[in-house]
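Worksheet: the structure to be examined is printed underneath.
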Amino acid sequence: MKFLDNPTRNFFFTGKGGVGKTSMACATAVQLADRGLRVLLVSTDPASNLDEVLGTPLDGHPKPIESVPHLFAMNLDPEASAREYRERMVGPYRGVLPDAAVKSMEEQVSGSCTLEIAAFDEFSRLLGDKDATKEFDHVVFDTAPTGHTLRLLTLPSAWSGFMDTNTTGTSCLGPLAGLQAQQRVYQQTVKALGDPKTTTLVLVTHPRSSALKEAARTSVELGKLGVKNQQLIINGVFVTDTPSDPIAVQMQSRGQSAIESMPTEIDSLERTIIPLAAAGIMGIDALRNVGGEVKIAEVTPNEVTPVDASIPEGLGSLIDDLASVGHGVILAMGKGGVGKTTVASAVAVALAERGFAVHLSTTDPAAHLAATFAAEELAGLTVGRIDPAQETADYTSDVMQTAGAELDSDGKSLLQEDLRSPCTEEIAVFRAFARTVSEGADGFVVLDTAPTGHTILLLDSALAYHREVTRQTHQMPESVEQLLPRLRDPNFTRVLIVTLPAATPVHEAAQLQEDLRRAEIEPYAWVINECLAPLDVHDPILCQRRQHEFPFIDEVRTSLAKRVALIPWQSEPPTGLEALRRIVDSNCEVGS
């Protein structure tokens, strides 16, 4: 990888979910450690799978990787960080203030906003406090999916600005004294991120138009933040030596076409091409080989289908059952990059073509719905998104017109300061999410949700939102009061867990299912996307990847899901109504 020719001290890996950030971060860390350098590998992703890739259980403290001398790794645990943060904020006041006041403070610092700032607090310590990582030559950060990462990176200036202008000493995060004590570290974090001699930002993408556009958007946003030392990795580039295999030829053509039409914002970046691996990048040996020659096992086309292979049905029959209720909410959930937008869009189109009124929307900050539909329209289908900026403006206006209506000028000033907190955006988006879900009473609402960690925080924030919104407005919208009952009602809400036929997506989807069940939300079905299993392939790399899929399809079918639908890999990009129809109508018989 080219950026390792003259490595900086810090590396940041970011990009659209599912493009291989963790694999590339791990490969970088392993290859640096193999040079005899002491390396700390850190995940700031709530849905981290460092443990699985490295084959070592990790926690919130640096742990040596036995098979790689000089390499240490850790997962930042947002929940643990939030607990520690809350105690730092509230602890000094126990026994000093009345119990009621302490309880109020505890409630103020119990929301998802606190979870985010607490994780960032730990992240800043590692990046902005040189003493915290002085024993290491390099620190490699495997970051969360793009939308979360951008928010993470903007927090230093956001919180610094809030601390500079807030005169009340309090916020939705509780007393600001604790934050102010960290302000120096936050400023050093921003400085380190923007120093090209200290930090390299590596944009990881796939050879797909949507992923490349997302990388370009991220590049521009990071440039505005002063992070301009950027490198590009295009991961999973496929080249076939089997021209007689039409699937292989089409896969190569799609990738080449996407790269050739790459957005100008990233076309000039120094890039590293990583060939498509014949199997998942798991284990130290595979990480050492990243960037090298693809290793292909001896597999022939006739040997890749297990005798007892059972291919799940396609998406069509699942649509029939979803349509039978006549209304409700359908949530497409899963790890970033698994195709939630595609599945949600295909479901919405199929329901609309059955004569139902359907509203398709997203809570995902990256929001790719417009590109998926390619500006086409369909009777009965409306497409929208929850726009954080607009929702925040609307929410702020509502609060000032209600809670602020009878306040004097000083009271209004205090309320305006409180609303300038970055947490207000989370509250506004949550309110919009609840409002959108409520529309399922009169028709179908299909939601393409954000990547797993963000989605769970969104769902889990109901009680925190309740406390926060009543703190500011003393009012609770009916849609928010009814949200959790609606999400828990299997006759109103149906969750489709979307995954890919590979280890990490399946196991993260399984964790998502457990999180949902803890929230008393039972998934309706799993959808395994982009499968080679039903296809007739001859290229050696694709044969091996196809063989690699069957154990994971079987795991989902027999151990994890009550119902499964499978979508074959599509020769054409899933853009436009016709392509979305093909997804629903795809034949899933083996060898079709």
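Here's the yes/no breakdown for (1) modelled with pLDDT under 75; (2) within 28 Å of residue 325 (Cβ to Cβ); (3) touching a Leu at 6+ places or on another chain (Cβ under 7 Å); (4) open to solvent by less than 20 Å² (accessible area, probe 1.4 Å):
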residue	(1), (2), (3), (4)
458	yes, yes, no, yes
471	yes, no, no, no
480	no, yes, no, yes
484	no, yes, no, no
490	no, yes, no, no
501	no, no, no, yes
504	no, no, no, yes
Next on the checklist: Can you tell me which of (1) of a type in the set (A, V, I, L, M); (2) at pLDDT 95 or above; (3) closer than 15 Å to residue 234 by Cα is the one residue 248 doesn't meet?
Outcome noted: (3)
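If you check residue 89 against the conditions, is it under 29 Å from residue 19 (Cβ atoms), in contact with a Pro (Cβ under 7 Å, 6 or more places away or on another chain) and open to solvent by less than 20 Å² (accessible area, probe 1.4 Å)?
Numbers: under 29 Å from residue 19 (Cβ atoms): no; in contact with a Pro (Cβ under 7 Å, 6 or more places away or on another chain): yes; open to solvent by less than 20 Å² (accessible area, probe 1.4 Å): yes.
When the stated conditions are applied, residue 89 does not pass them.
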Next on the checklist: Condition first: open to solvent by less than 10 Å² (accessible area, probe 1.4 Å) and of a type outside the set (A, V, I, L, M, F, W, C). Can you find one or more residues in region 222-238 that meet it?
Outcome noted: no
Checklist entry - If only one of 514, 508 is open to solvent by less than 40 Å² (accessible area, probe 1.4 Å) and in a helix (DSSP H, G or I), which one is it? => result 508
Checklist entry - Among the helices (runs of 4 or more DSSP H) contained in region 378-453, which hold 2 or more residues that are within 20 Å of the chain's Cα centre (by Cα) and at pLDDT 80 or above? => result 388-402, 423-438
Item to check | Residues satisfying the stated conditions in region 1-51, i.e. of a type in the set (Val, Ile, Thr), open to solvent by 10 Å² or more (accessible area, probe 1.4 Å) and closer than 14 Å to residue 202 by Cβ | outcome: 8, 22
Checklist outcome for this item: Note on residue 58: of the conditions (1) in a helix (DSSP H, G or I); (2) touching a strand residue (DSSP E or B) at 6+ places or on another chain (Cβ under 8 Å); (3) not polar (S, T, N, Q), unmet is (1)
Checklist entry - How many residues, within region 517-548, are acidic (Asp, Glu) and buried (at least 24 other Cβ atoms within 10 Å of the Cβ)? => result 1
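Output the residues belonging to region 548-573 that are of a type in the set (Ser, Thr, Tyr) and within 30 Å of residue 249 (Cα to Cα). Give the steps one after another, and end with the answer.
At the first step, the residues of region 548-573 found to be of a type in the set (Ser, Thr, Tyr) are 558-559, 571.
Across region 548-573, the qualifying residue is only 571.
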Next on the checklist: Kindly evaluate residue 94 against the criterion of being open to solvent by 60 Å² or more (accessible area, probe 1.4 Å), under 30 Å from residue 269 (Cβ atoms) and at pLDDT 85 or above.
Outcome noted: no
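Can you find a residue that is modelled with pLDDT of 90 or more, at negative phi and among the polar types (S, T, N, Q) anywhere in region 282-290? Please lay out each step first, then the result.
Just the residues of region 282-290 that are modelled with pLDDT of 90 or more, to begin with: none.
No, because not a single residue in region 282-290 is modelled with pLDDT of 90 or more, at negative phi and among the polar types (S, T, N, Q).
The values are calculated or read from the model by the stated rules, or taken from the named source; none is laboratory data. Here the structure is a predicted model, which means the values were calculated and not measured. When we count neighbours, we look across all protein chains shown, and the Cβ atoms used for this are built from the backbone with ideal geometry, even at glycine. For the accessible areas, the whole protein counts, side chains as well, though only heavy atoms, and no ligand, DNA or RNA atoms are used. Shrake-Rupley method; radii C 1.70, N 1.55, O 1.52, S 1.80 Å.
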